[in-house]
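Let me begin by presenting the structure, written as structure tokens, before commenting on it.
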Amino acid sequence: MRVRVMRRAGVSFSVLGLVSVLTVCSQAEQARDEVRAEAGISHEAEHNMLTSEEVAAGWILLFDGVSTNGWRGYLNTSFPQEGWAIADGNLVVFASDGSEGGLGGDIVTEQQFSDFELVFDFKLSPVGNSGVFYRVKEVDGTTMWEVAPEFQVLDDTAYIDMGTMDMNKHLTGDNYDLHSSMVTATSPVGEWNTGRIVVLGNHVEHWLNGQLTVQYDYYTDEWKDLVRVSKFDPALYARSPSGSIGLQDHGHDVRYRNIKIRPHI
């Protein structure tokens with residue numbers, strides 16, 4: 001059972017003071033709504049925007065909330081015609097008939113990156129399953145999971161309760177099939193999570209909701225041993241120092257937004 005503890009600073013308000021604070025907050029939110037409306041920005045679309053500070057810091061928006069620009073199918077020149085869509089400012093992969101390949105297949109960015117910091121929000125449906133891949137270098141005759149590391153995205157509780165497979169190294173925030181998360185930081189199904197992947201040279205970090213879940217280094221003896229006993233082919237897996245960012249269609253409903261990257265050149 002996952003237990004989340006929230007601590008609140010000991011601050012006391014009078015009733016009138018609290019009413020005053022709530023009134024001010026309500027007025028501020030109303031003012032923001034008016035600004036959004038005048039600018040034609042919905043609550044959903046505003047999530048997929050960069051601040052002026054982020055732009056100055058070199059961040060790039062990978063999903064604009066209204067189009068699939070910059071994305072295409074894995075081993076394909078165009079975006080999938082089915083299985084993926086944009087809804088309420090989210091990039092959505094739809095549930096299929098249960099087949100692992102899904103309806104539309106995996107997607108990748110047209111741009112490729114070597115060293116970077118990637119941030120993304122995701123929301124799972126019950127029994128949801130997907131993943132975020134990096135340094136994806138496409139190889140004919142393969143699927144994306146065979147060639148690139150994966151930040152696992154999963155309804156952990158559902159799969160643990162099923163008890164049909166070994167979930168070690170297969171939970172949200174894990175480096176799929178190689179490294180287990182050091183903490184439990186997933187939000188409940190139906191709530192948004194924020195993932196973060198940092199890649200600098202051979203060093204990689206996975207973060208989930210502000211907590212470090214995994215860190216590892218490519219090509220060390222330990223890494224090679226882990227790959228050797230995993231489901232991956234050492235001749236194919238993680239062989240490229242650069243590549244696309246990928247999102248997995250695993251046949252389950254999962255939503256993504258706020259996908260942005262800061263390349264380190």
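With the condition kept exactly as written, say whether any residue in segment 84-95 is open to solvent by 50 Å² or more (accessible area, probe 1.4 Å), in contact with a Phe, Trp or Tyr (Cβ under 9 Å, 6 or more places away or on another chain) and over 13 Å from Tyr256 (Cβ atoms).
No, segment 84-95 contains no residue that is open to solvent by 50 Å² or more (accessible area, probe 1.4 Å), in contact with a Phe, Trp or Tyr (Cβ under 9 Å, 6 or more places away or on another chain) and over 13 Å from Tyr256 (Cβ atoms).
Can you tell me how many residues within segment 46-65 are of a type in the set (A, V, I, L, M), part of a loop (DSSP other than H, G, I, E, B) and more than 16 Å from Asp121 (Cα to Cα)?
1
I'd like the full set of residues that are over 9 Å from Leu154 (Cα atoms) and in a strand (DSSP E or B), limited to segment 120-139.
Selection gives Phe120, Asp121, Phe122, Lys123, Val132, Phe133, Tyr134, Arg135, Val136.
Going through segment 85-98 one residue at a time, which ones are modelled with pLDDT under 95 and within 21 Å of Ala148 (Cβ to Cβ)?
Matches in segment 85-98: Val93 only.
Which members of segment 244-257 meet the condition of being open to solvent by 30 Å² or more (accessible area, probe 1.4 Å) and either at pLDDT 95 or above or out of contact with any strand residue (DSSP E or B) (no Cβ under 6 Å at 6 or more places or on another chain) (or both)?
Initial filter on segment 244-257 (open to solvent by 30 Å² or more (accessible area, probe 1.4 Å)): 250, 252-253, 255, 257.
Matches in segment 244-257: Asp253, Arg255, Arg257.
Suppose we keep only residues that are open to solvent by less than 30 Å² (accessible area, probe 1.4 Å) and among the hydrophobic types (A, V, I, L, M, F, W, C) within segment 176-186. Which one would you say is modelled with the lowest pLDDT?
Among them, the one singled out is Ala185.
Tell me which of these Val189 doesn't satisfy, since it passes every other one: (1) in a loop (DSSP other than H, G, I, E, B); (2) surrounded by fewer than 22 Cβ atoms within 10 Å (Cβ to Cβ); (3) out of contact with any Pro (no Cβ under 8 Å at 6 or more places or on another chain).
Here Val189 meets the rest and fails (3).
Search segment 140-150 for residues being assigned to a loop (DSSP other than H, G, I, E, B) and open to solvent by less than 50 Å² (accessible area, probe 1.4 Å), and hand back the single one that is farthest from Val119 (Cα to Cα).
Restricting attention to segment 140-150, the residues satisfying the condition of being assigned to a loop (DSSP other than H, G, I, E, B) are 140-143, 147-149.
Now restrict to residues that are open to solvent by less than 50 Å² (accessible area, probe 1.4 Å): 142, 147-149.
On the way: Thr142: 26, Val147: 21, Ala148: 18, Pro149: 16 Å.
Ranking the candidates gives Thr142 first.
Starting from residues that are assigned to a loop (DSSP other than H, G, I, E, B) and open to solvent by less than 40 Å² (accessible area, probe 1.4 Å), keep the ones in segment 151-175 and report whichever is farthest from Ile197 (Cα to Cα).
Step one: of segment 151-175, the residues assigned to a loop (DSSP other than H, G, I, E, B) are 155, 163-174.
Keeping just the survivors that are open to solvent by less than 40 Å² (accessible area, probe 1.4 Å) gives 155, 167, 170, 172-174.
Details: Asp155: 19, Met167: 21, His170: 17, Thr172: 13, Gly173: 10, Asp174: 11 Å.
Ranking the candidates gives Met167 first.
Restricting to segment 139-175, name every residue that is at pLDDT 90 or above and of a type in the set (Ser, Thr, Tyr).
If the condition is that a residue be at pLDDT 90 or above and of a type in the set (Ser, Thr, Tyr), then Thr142, Thr143, Thr172 are the ones that fit.
Kindly provide the set of residues from segment 192-235 that are open to solvent by 50 Å² or more (accessible area, probe 1.4 Å) and touching a residue at least 60 places away in the same chain (Cβ under 8 Å), ordered by number.
Within segment 192-235, the subset open to solvent by 50 Å² or more (accessible area, probe 1.4 Å) is 192, 194, 196, 200, 202-203, 207, 209-211, 215, 217, 219-222, 224-225, 228-229, 231, 233-235.
Answer for segment 192-235, where residues must be open to solvent by 50 Å² or more (accessible area, probe 1.4 Å) and touching a residue at least 60 places away in the same chain (Cβ under 8 Å): Trp192, Thr194, Arg196, Leu200, Asp233.
Of the conditions (1) at pLDDT 95 or above; (2) surrounded by fewer than 17 Cβ atoms within 10 Å (Cβ to Cβ); (3) at positive phi, Ser67 satisfies every one except a single condition; which number is it?
(3)
The values are calculated or read from the model by the stated rules, or taken from the named source; none is laboratory data. This one's a predicted model, so the numbers in the text were calculated from it and none came from an experiment. No Cβ is skipped: glycine too gets one built from the backbone with ideal geometry, and neighbour counts run over all protein chains shown. Note: accessible area is taken over every heavy atom of the protein model, side chains too, but ligands, DNA and RNA are not part of it. Shrake-Rupley method; radii C 1.70, N 1.55, O 1.52, S 1.80 Å.
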